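Structure record follows, encoded as structure tokens.
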Amino acid sequence: MSTEEFQKEQEFITGLYARLDDLREEAEVAVQSALTQVRTGQQAKLERDVLVAEQSGLLAAFNAGESGLCFGRLDFRDGRQYHMGRIGIRQNDAERTPLVVDWRADIARPFYLATGYSPMGLRRRRHITTEGRTVTALHDEILDLTDPTRTGYEGSAADTVLLAALDAARSGRMHDIVQTIQAEQDRIIRASPQGVLVVEGGPGTGKTVVALHRAAYLLYAHRELLARRGVLIVGPNPAFLAYIGEVLPSLGETGVLLATVGELFPGVTATGTDTAAAAEIKGRLAMADALARFVRDRQTVPHPGIEIEHDDGTLVLDRAMAEDARAAARATLLPHNLARPHFAFRIIDALTDQLADRIGYDPYGGPNFLGPDDIAQLGKAIALSDEVHAAIDSLWPPLTPRQLVADFLADPVHLPDAEAELIRRVGGEWTPADVPLLDEAAELLGEDDSAARAAEEAERQQRIAYAQGVLDVAYASRSYEFEDKHDEDSEILGAQDIVDAERMADRHEEADHRSAAERAAADRTWAFGHIIVDEAQELSAMTWRLLMRRCPTRSMTLVGDPAQTGDAAGCDSWQQILDPYAGSRWQHTRLGVNYRTPAEIMEVAAGVRRAEDPAFEPPGSVRSTGTRPRARAAVPDGLARTVAETVADEAPQDGAEEGRLAVIAPAALHATLAAALPGAAHGPAPDLTRAVVILDPRQAKGLEFDTVVVVEPGRILAGSPRGANDLYVALTRATQRLTVVHTGALPECLREGLARLA
């Protein structure tokens, strides 16, 4: 084995980190400089925002680079040689020579796609393993067998690096896979962003990590668009978002908004819970029609009329007048709040005509003696009347989404009685299933921002007036200074000759330094450049309406597995979801290789799904550990004790850097299990970096652990109409070991699977 070759790589890595330290300092200076500059004009602001996003992303990648910034090398037959890394780094020379090529660059594709049959011009592919800034291992793959050169680091198994990564202990946080991206994954990552791409795959096929790397690739390949519009990643729960939260920053991308469905309505964080039946009803598409009808119910007419006191006598807002105004407002097809001024103007005009007819009435049949100016004054007085506005508010009230949905849930009209009773709620916290209803309500109501725009314009006019005052003072001072001098001196330009008051005011407008992701989080109407949805099979029809509004271009990546659907409102088919929104602009692909779950565990888990669907075929596992899943019986009052004993046998010590264990059990058992497992993380958003965590099957979606203890599988199976899917999810979270703890008899589908491995 060539120590010289190893030393050369170590020297390269050492020099790379020296350059990295210089770049980190440059990026920090660039960010601070950009944030302190006063920039005017939309283009200048955009350039600043893009610069800040890019440099902040570089800083994040630099900081993550200590865990392996450079991971490989490509040696081409023509003598070219490129080191591969999480981000691209160039030398500080005139040619800006690449030191490390970004894994997303086109030149990097052979690292993931080249084979001995199709070497793509390579003679050698090197994998470099580092710990901090130290090279710990090299692994070379020979792709050109005619090349006699050997380094001593060649390996016979092409999957050595991949298997080492799969066998590594978990830390409670997802890591990037830039060193081990497989060919089928690379094709998905680099696919066109046009239209909707559905990536389906069973447990452990890498759907989530592929989607995250796709986000990083799209931000690299389409930087100008996506830095401005942003990327939204929707995850199933807060624990999952915490689990994946470090992947994109480690790849140099920070301009991404990660959110659950419960966080997609600005100002609302949905922490309440619904029953499964209530969530399913709220997720139905019929809720959109029910809310629309509920809004129309608020557009009323008087029975028989409303009397309004006026200085010139009582006015009557009668049914016919209101019906005419309502028809005119609805004919605009505007949302409720935006159509309201049309209703109000029609009422004011009708009351003005009523008053004008009364005052200007000629008993002898002549024309009304009031002129247009007189009638206009009457109309102005009526428009300023508090009584008139109160009457209008009673017939066509201004509404907010929260108010409307709260009123609807308190009295769910336009639903069958049985369904209405299931979702009826007065007060309480918002739930995730409420958020699509709030978004639908916001669409139906619209936001009348005329007052806000008027206030903004008034503030701008104040700035302009102040700027004009400053210029006037400057002009007066200049005139006084030159009044006794020669005429040619007066040709010296003053401030007022260079900039007018309007430009001066705009220049000093407060800059918005928020990133695209931060601005998007606060703006319900924000249109994202791309949306990625994880566990997409769980989303309801109403949630899809919300997400499609957020992405008018339909540039989306959806990852999921219908076999793991647990939510009653979840999808039955991708076609059912996408055809109404994307038509033919969507495509479907599958990931068929299981990189996470050992074959022994997968065989047991697949039996649970085959009991529901005999034709079910799980993804094929790439490895076998030789460790068989086991079952432990417990007496009913000793369940927690048996679980604690199992955890004690299997779990790493709390605070250990590597190795994680999950106890997956029905939610009703969590309090008892937590009491028996002091120090275990649990709750709505448990800390996954703890050595032991307690989850229910829904919380466990998308996560993985070295060891999993599934508690009371029979109760999980019977816990919901899709209990078999929930149990399948629970059984497939382990990368190494699985134990099932139960009281009573095991479900037959599980007992048979365990018996086959005995």
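Being farther than 27 Å from Y220 by Cα and either of a type outside the set (G, A, S) or at pLDDT below 85 (or both) is the requirement here; does P148 meet it? Explain how you work it out, then say what you get.
Numbers: farther than 27 Å from Y220 by Cα: yes; either of a type outside the set (G, A, S) or at pLDDT below 85 (or both): yes.
When the stated conditions are applied, P148 passes them.
Remark: pairs (first residue in segment 264-288, closer than 14 Å to P436 by Cβ and among the β-branched types (V, I, T); second residue open to solvent by 50 Å² or more (accessible area, probe 1.4 Å) and in a helix (DSSP H, G or I); Cβ separation under 9 Å; 6+ apart in sequence or on different chains) = V268/R402; I281/L422.
Having 3 or more residues that are more than 27 Å from P249 (Cα to Cα) and over 36 Å from the mean Cα position of the chain (by Cα) is the bar; report the strands (runs of 3 or more DSSP E) wholly within segment 66-138 that clear it.
Details: elements: 70-76, 81-85, 98-102, 122-131.
Of the strands (runs of 3 or more DSSP E) lying wholly inside segment 66-138, those with at least 3 residues that are more than 27 Å from P249 (Cα to Cα) and over 36 Å from the mean Cα position of the chain (by Cα) span 122-131.
Out of curiosity, is R96 among the basic types (K, R) and modelled with pLDDT of 90 or more?
Numbers: among the basic types (K, R): yes; modelled with pLDDT of 90 or more: no.
No: the conditions fail for R96.
Of the numbered criteria (1) surrounded by fewer than 15 Cβ atoms within 10 Å (Cβ to Cβ); (2) more than 46 Å from the chain's Cα centre (by Cα); (3) touching a residue at least 12 places away in the same chain (Cβ under 8 Å), the one D349 fails is (1).
The set of residues in segment 542-569 that are under 19 Å from R722 (Cβ atoms) and open to solvent by 40 Å² or more (accessible area, probe 1.4 Å) comprises P562, D567, A568.
Exactly one residue out of A270, A322, A276 is of a type in the set (A, V, I, L, M, F, W, C) and open to solvent by 30 Å² or more (accessible area, probe 1.4 Å): that is A276. Applying the condition of being part of a strand (DSSP E or B) and either within 16 Å of Y728 (Cβ to Cβ) or among the basic types (K, R) (or both) to segment 621-641 and asking which residue is most open to solvent (accessible area, probe 1.4 Å) yields R630.
Taken together, the residues in segment 642-671 that are assigned to a loop (DSSP other than H, G, I, E, B), surrounded by 15 or more Cβ atoms within 10 Å (Cβ to Cβ) and at pLDDT below 95 amount to 4. Inside segment 570-599, residues that are open to solvent by less than 20 Å² (accessible area, probe 1.4 Å) and either within 27 Å of T739 (Cβ to Cβ) or in contact with a Gly (Cβ under 6 Å, 6 or more places away or on another chain) (or both) make up a count of 4.
Return the residues of segment 394-413 that are open to solvent by 60 Å² or more (accessible area, probe 1.4 Å) and in a helix (DSSP H, G or I); say none if nothing qualifies.
Here is the first cut: in segment 394-413, the ones open to solvent by 60 Å² or more (accessible area, probe 1.4 Å) are 394, 398, 400, 402-403, 411.
Residues satisfying the conditions are S394, R402, Q403.
The values are calculated or read from the model by the stated rules, or taken from the named source; none is laboratory data. If you're wondering where the values come from, they're calculated on a predicted model, not measured in any experiment. Backbone-built Cβ (ideal geometry, glycine too); neighbour counts: all protein chains shown. We work out accessible area using only protein heavy atoms, side chains counted, and drop any ligands, DNA or RNA first. Shrake-Rupley method; radii C 1.70, N 1.55, O 1.52, S 1.80 Å.
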